[in-house]
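Any read-out appearing in this document is the output of simple, stated calculations on the displayed coordinates, not a laboratory observation. The shown structure was predicted, so the numbers you read here are calculated from the model rather than taken from an experiment. Here the Cβ is made from the backbone with ideal geometry for all residues, glycine too, and neighbour counts use every protein chain on show.
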Amino acid sequence: MCENLILAAREQVAALTQSAYEKAAQAGLLPAGAQIRGQVDIPKDTAHGDYATSFAMAGAKALGKSPREIAQLLMDHMVLEGTYFDKMEMAGPGFLNFTLGKHWFSEVLAAVEAGGLTYGKSCEGKGKRVMVEFVSANPTGPMHMGNARGGVLGDAVASVLERLGYEVWREFYVNDAGNQIHKFALSIDARYRQLILGEEAVEFPADGYQGEDIRELARDFRAQFGDSWLEKSEEERQEAMAQFGLKANLPKMKEDLRRYKIEYDEWFLESTLHDSGYVAETVNLLTEKGWTYEAEGALWLRTSGLLREKYLREGKTPEQVDKLELKDDVLRRANGFYTYFAADIAYHRNKLEKRGFDTAINVWGADHHGHVHRLQAALDGLGLDGSNRLVIILMQLVNLLQDGQPVRMSKRSGKAIALHDLLDEVSVDAARFFFNASKPTVAVDFDLDLAVREDSENPVYYVQYAHARICSLVAKVVETKGISVPAAAEVDATLLQTPEELALLKTIARFPEELKLAGRELDPSQINRYLVALAGDFHRFYNSCRCMVDDPALQAARLKLADSVRGVLENGLNLIGVTAPEKM
RNA sequence: GCGGCUGUAGCUCAGUUGGAUAGAGUGACUGGCUACGAACCAGUAGGUCGGGGGUUCGAGUCCCUCCAGCCGUACCA
């Protein structure tokens, strides 16, 4: 059975139209053999039917007749017997409008029932392995609102892709090497020495991390190891500080994310790439392929050349490419250390080559957008087709507000609101739904005062309320009438005829299509909007149609409809990591 | 300068390969519970889709151009 009834109906309209055209052509009423790409749309206004095709308008030129004439001929040669449709009519400039009939509506309830909690699954991703890397926050401090957003985004994208049949791997990349960690160590070390020698005696690094968590790490270090580390060499001490800090922070991050209902398949350490020589090997590979050169003591990647090839390949004209200010990148600094960029190339080579993922999807903050094409181009240079196999979801940042005023958010100033602070104030459900509400491309404002106060105004409760209402309804029917939810086969779906009932059936039928779109666009916020729409359809149905009625057949049909909605709500909420409560 | 994102109702935002009279939530106003959960529903009001050109049967959607806001343009990550 095809679960995707929206797609099935759409295809049927296209097929019906095409065959009607062929019949009309055979009868000599229209020129034969024209290739016409008529679109099949779902009209906004239900007065225009459930599906509409613009075939007649699109074909007007090729067929040498007015759209309305063509539409009339198509109607004359169309047979709806045995199809999903009851009715068809011509409208407006030449649209053909189709109205769904009983065959289709009967199948909806059966499809939802058969699908159960995986209703909407498909096999479009069968056999394809995808890694979704997300959050990957620096382990130098607590996670903030941007990570909260990226967390739901990545997790929900992964869930959607799983449902679409992909084999999905969730990964957190731990930046436990490089400059940030060095600064991290310097910061803890300075606080440590301040504890012993006094605040004034030790200058805190200008670009160090100011947060209270750093002082705490220093206190913990001192409590555990005493003052003796003061006598060790600076290098030795800082190495110890870095390790100590990471060891303290990583479990906290894991715990915070677990609390936020995110579980990773792997926490991948950047340091392993350096320690195993994989970064050096990757850079050497680029050198062998002729993509590097030395200058000013550093080793450079010819990013400008790689990008130029990439852009030309993608269809930009040489003039357009010339206009861009392409620059090269340093891979190995004059001091011998590899840059973050070099490690990142190695990391993604590891994903695509060593571990063999077909596609690597990364959730990045939009402030890293300048890095996207450079990394893809570098992977192209390694022959790994990064331009197609590395997909970056650029997520616009979260603006932190307090009483409506913007607050600068950075780990350095320590002014960020941490993820765990958020979860102390609002439920995981509210937070996840809120951060999954906007498309990745739009920036969101987040005001903690508002988030806490408007807790009950979060649309998540509108959706959850619909679910709880249905649970209560089903329980009531069982309790007072001794009747449980019937199987789809025992239900006469043609009894569902009010506009509210039909709207609800159409909405639950749409779910597989919504999933497909969310997957294609890598935008799980579409699920939020779908769930709000479904909950709205249900509340309207509930207010206008009584389920507990004397007619047993109608009661069974409505009960089944309500329970089907419940299943789809639970299904969708699960996908975005929000609970579907039976009571609230 | 160059590049990315954004600009739609008072506010927050939808608008799916171009389709018919541009939608929803929220705020404002008016109604609806002795009936399966009122955390709900119904109704009213609110628009030069940032401006201007172009493409075509048809543009919020595609192309060009201009304007405004945010972000990026490191031997940082």
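Rounded to the nearest 500 deg cm²/dmol, what is the calculated helix-only ellipticity per residue at 222 nm for chain A, with -39500 (n - 2.57) per DSSP H run of length n ≥ 4? Write out the running numbers ahead of the final one.
Numbers: 23 runs with 301 residues, N = 584.
After summing the helix terms and dividing by the residues of chain A, the value is -16500 deg cm²/dmol.
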Legend entry - All Cα pairs of chain A, percent lying beyond 32 Å: 60 percent
Inset, instruction - Please give every one of the lysines within straight-line cross-link reach of A:LYS252, meaning a C-alpha to C-alpha distance under 22 Å, and leave out same-chain neighbours fewer than 8 residues apart. - result: A:LYS183, A:LYS261, A:LYS411, A:LYS415
Inset, instruction - Give me the angle, in degrees from 0 to 90, between the Cα long axis of helix A:67-76 and the longest principal axis of the Cα atoms of chain A, rounded to the nearest 10. - result: 60 degrees
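How high is the relative contact order of segment A:281-348, in percent, with contacts defined as C-alpha pairs under 8 Å that are six or more residues apart?
Numbers: 69 pairs, mean separation 23.0, N = 68.
Once divided by the residue count of segment A:281-348, the mean separation gives 34 percent.
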Legend entry - segment A:94-205: mean projected area of Cα convex hull, nm²: 14.4 nm²
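Students often check this: by mean Cβ neighbours within 10 Å, which of A:38-44, A:418-424, A:348-354 ranks highest, and how do the rest follow? Kindly include the intermediate steps, with their values, before the conclusion.
Working: A:38-44: 15.1, A:418-424: 17.1, A:348-354: 19.7.
My ranking of the peptides, most packed first, is A:348-354, A:418-424, A:38-44.
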Legend entry - For segment A:231-301, the spread of Cα positions along each principal axis, largest first, Å: 47, 42, 20
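Could you estimate the translational diffusion coefficient of segment A:25-69 from the Stokes-Einstein equation, with Rh from the Kirkwood formula over C-alpha pairs, at 20 °C and 1.002 mPa s, in whole µm²/s?
On the way: Rh = 11.7 Å.
In µm²/s, the coefficient rounds to 184.
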Inset, instruction - Pairs of Cα atoms under 8 Å, at least six residues apart: use those to get the relative contact order of segment A:300-445, whole percent. - result: 19 percent
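What fraction of the DSSP beta bridges in segment A:348-496 is antiparallel, stated in percent and rounded to the nearest 5? Can you show the working numbers first?
Values: 2 of 12 bridges.
Once the DSSP bridges in segment A:348-496 are tallied, antiparallel ones form about 15 percent.
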Inset, instruction - Quick one: P(r) of segment A:505-584 from all Cα-Cα pairs, 5 Å bins, percents rounded to integers, in order of increasing distance. - result: 3, 14, 23, 23, 16, 10, 6, 3, 1, 0
Legend entry - Three principal axis lengths of segment A:317-410 [C-alpha, angstrom, descending]: 51, 37, 35
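Past 25 Å, Cα to Cα: identify those pairs from A:LYS44/A:LYS560; A:LYS126/A:LYS354; A:LYS44/A:LYS102; A:LYS121/A:LYS560, in the order given.
Working: A:LYS44/A:LYS560 27 Å; A:LYS126/A:LYS354 21 Å; A:LYS44/A:LYS102 21 Å; A:LYS121/A:LYS560 21 Å.
The pairs that break the limit, which is 25 Å between Cα atoms, are A:LYS44/A:LYS560.
Hey, got the dipole for chain A? About the Cα centre, +1 on K and R Cβ, -1 on D and E Cβ, debye to the nearest 20?
On the way: 67 positive and 85 negative charges, 231 e Å.
With only Lys, Arg, Asp and Glu charged at Cβ, the dipole is about 1100 debye.
Given Cα pairs under 8 Å that are at least 6 residues apart, what percent is the relative contact order of chain A? Walk me through the numbers on the way to the answer.
Details: 935 pairs, mean separation 92.7, N = 584.
Averaging sequence separation for qualifying contacts and normalising by length gives 16 percent for chain A.
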Legend entry - Dipole of segment A:278-363 [Lys/Arg +1, Asp/Glu -1 at C-beta], most positive-end residue of A:THR339, A:ASN362, A:LEU326: A:ASN362
